Amino acid sequence: MAQYAGENLAVVFSSFGVPSDVACCAEWPVPSLSTGEALIEMEAAPINPADLNVLEGKYGTLPPLPAVPGVEGVGRILRVEGGSGAIGPGDRVILPRGIGTWRRRVVARTVDLITVPESVPVQQAAMLRINPATAYGMLHNFCALEAGEWVMQNAANSGVGRSVIQIARACGWRTVNVVRRESLRAELEAIGADVVLVEGEGLSRRIREATGGVAPRLGFNGVGGESALALANAIAEGGTLVTYGAMARQPLRIPNGLLIFRDVRFCGFWVTRWYDVMSEVTRAELFQRLIGWAESGVLCTPVEAEYSLERIRDALLHAQRPERWGKVLLRP
């Protein structure tokens, strides 16, 4: 295979296991360009829970090994082969999923790239494809919410949770946000959270009290276990609880009475599957909204630390700290 003439470092893993043990920085080949492809120099890529799950071998789809991880990121086009002129060298672009973004240079089809204006901070552009898209999809695909309606969620300080708060506020909806520690209240309220509650006894009752007795029709579960059960018990009759994660690594327990007597619906959401079935029109609308919100500052994910590819072990250990307040980014 013909190679791009130049150094290309990447994070590579050849087996599944503890992320900081199986991932290392190494040389990785860049294929020559075919018609309709672009050579891109990566600028930033986050470490998401999905990336850690891939390295552990516990994600919904796994690559053949050896592989380069990284489910999202942003880069700048260096060269295009046989392009139409709509996209070209110098453009900043959001990379398609499944390409492996933890590297310095990558080749991708131009039709799969999303251009993003320079007015969007590079860190925010790198994080638009997964968490904000998950939040947007869950808010719009399960329930036709009316202005002022309540939405509730656990894991509210996660990347998805913060995006839910900000997007819901931009759309005129109110949020009840459940977290594990009181110290998170002020920062979530600062980005638009209407109510912040701490996990614990009587959570379902406290949710009802916070909403003035109005049971939310829509809830998002990223934890599982008792936390998810509390949301289920607080949801409205005929309401929908959407599960997108399982941070507690505990199963979701569904009482029979919620199904029989209250007709509560339990659904799952995986943004990867949504991308597989969405139309080009839907994709364009999605990124138009997300990029617009990121450009205006309505949508913003905090960044706690940045690392080079050579420090991938430190970056992965940092990303797995239990009380982080922001994302960890790789800056190739």
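Here the gap between VAL198 and ASP276, fully extended at 0.36 nm per residue and compared with their Cα-Cα distance, gives a gain of 24.5 nm. The loop-placed trypsin sites (Lys or Arg not before Pro) in region 143-186, going by DSSP, that have at most 10 neighbouring Cβ atoms within 10 Å of their Cβ come out as ARG181.
The heavy atoms of VAL176 present about 0 square angstrom of accessible area, all protein chains included, probe 1.4 Å.
Once you charge only the Cβ atoms, +1 for Lys and Arg and -1 for Asp and Glu, what is the size of the charge dipole of the chain about its Cα centre, to the nearest 20 debye? Charge dipole of the chain: 460 debye, to the nearest 20. Counting only Cβ charges, +1 for Lys and Arg and -1 for Asp and Glu, the dipole size of region 182-310 around its Cα centre is about 680 debye.
When DSSP beta bridges are restricted to pairs lying wholly in the chain, around 55% turn out antiparallel. Rounded, prolate or oblate: pick one for region 130-180, where a ≥ b ≥ c are the square roots of the eigenvalues of its C-alpha gyration tensor, a/c under 1.5 means rounded, and failing that, prolate if a/b is larger than b/c, else oblate. Note, shape of region 130-180 comes out oblate. Taking chymotrypsin sites (Phe, Trp or Tyr not before Pro) in DSSP loop conformation with at most 12 other Cβ atoms inside 10 Å as exposed sites, the chain has its longest uninterrupted site-free stretch at 1-260.
When shorter helices are ignored and each DSSP H run of at least 4 residues is given -39500 (n - 2.57), the per-residue value for the chain at 222 nm works out to -8500 deg cm²/dmol.
What does the charge count around VAL195 come to, taking other residues whose C-beta lies under 13 Å from its C-beta (Lys +1, Arg +1, Asp -1, Glu -1)? It works out to a net charge of +2. Compute the angle between helix 159-171 and the longest alpha-carbon principal axis of the chain, please, reported from 0 to 90 degrees and rounded to the nearest 10. The angle comes out near 70 degrees. In a DSSP loop and with at most 10 other Cβ atoms within 10 Å, the trypsin sites (Lys or Arg not before Pro) in region 233-306 are ARG249.
Sites listed here are GluC sites (Glu not before Pro) in region 1-104 whose DSSP assignment is loop and whose Cβ has at most 15 other Cβ atoms within 10 Å: GLU7.
Counted over the chain with a bin width of 10 Å, the fraction of Cα pairs per bin, in whole percents, is 6, 25, 33, 23, 10, 3, 0. Of the residues LEU95, GLY172, TYR307, the one whose Cα sits farthest toward the positive end of the charge dipole of the chain, with +1 on the Cβ of Lys and Arg and -1 on the Cβ of Asp and Glu, is GLY172. Computed with every protein chain present, the accessible area of CYS24 is close to 60 Å² [probe 1.4 Å]. Here the calculated FRET efficiency for ARG253 and THR115, from their Cβ-Cβ distance with R0 = 35 Å, stands at 0.20, rounded to the nearest 0.05. For the pair region 154-223 / region 54-125, the C-alpha centres are spaced 32 Å from each other.
Tell me whether region 130-275 comes out rounded, prolate or oblate; compute the Cα gyration tensor, take square roots of the eigenvalues as a ≥ b ≥ c, and use a/c under 1.5 as the rounded threshold. Spell out each step's value before the answer.
Details: a/c = 1.23, a/b = 1.11, b/c = 1.11.
Rounded, because the longest to shortest axis ratio a/c is under 1.5.
Positive end of the dipole of region 87-239 (Cβ unit charges, origin at the Cα centre): among ALA108, GLY212, ALA190, the Cα lying farthest that way belongs to ALA108.
Estimated from the Cβ-Cβ distance and a Förster radius of 25 angstrom, the FRET efficiency linking ALA190 and ARG311 is about 0.25.
Decide, for region 15-155, between rounded, prolate and oblate: order the square roots of the alpha carbon gyration tensor eigenvalues as a ≥ b ≥ c, take rounded if a/c falls under 1.5, and otherwise choose prolate if a/b is larger than b/c, else oblate. Oblate is the answer for region 15-155, as a/c is 1.5 or above yet b/c matches or exceeds a/b. Each residue, LEU62 and HIS140, gets one label point 7 Å from its Cα in the Cβ direction; the gap between the two is 3.4 nm.
Packing here is the average count of other Cβ atoms within 10 Å per residue, and on that basis the peptides 201-207, 294-300, highest first, run 294-300, 201-207.
The values are calculated or read from the model by the stated rules, or taken from the named source; none is laboratory data. Not measured: the values here are computed from a predicted model. Here Cβ is always computed from backbone atoms with ideal geometry, including for glycine, and neighbour counts include all displayed protein chains. Heavy atoms of the whole protein, side chains included, go into the accessibility calculation; ligands, DNA and RNA do not. Shrake-Rupley method; radii C 1.70, N 1.55, O 1.52, S 1.80 Å.
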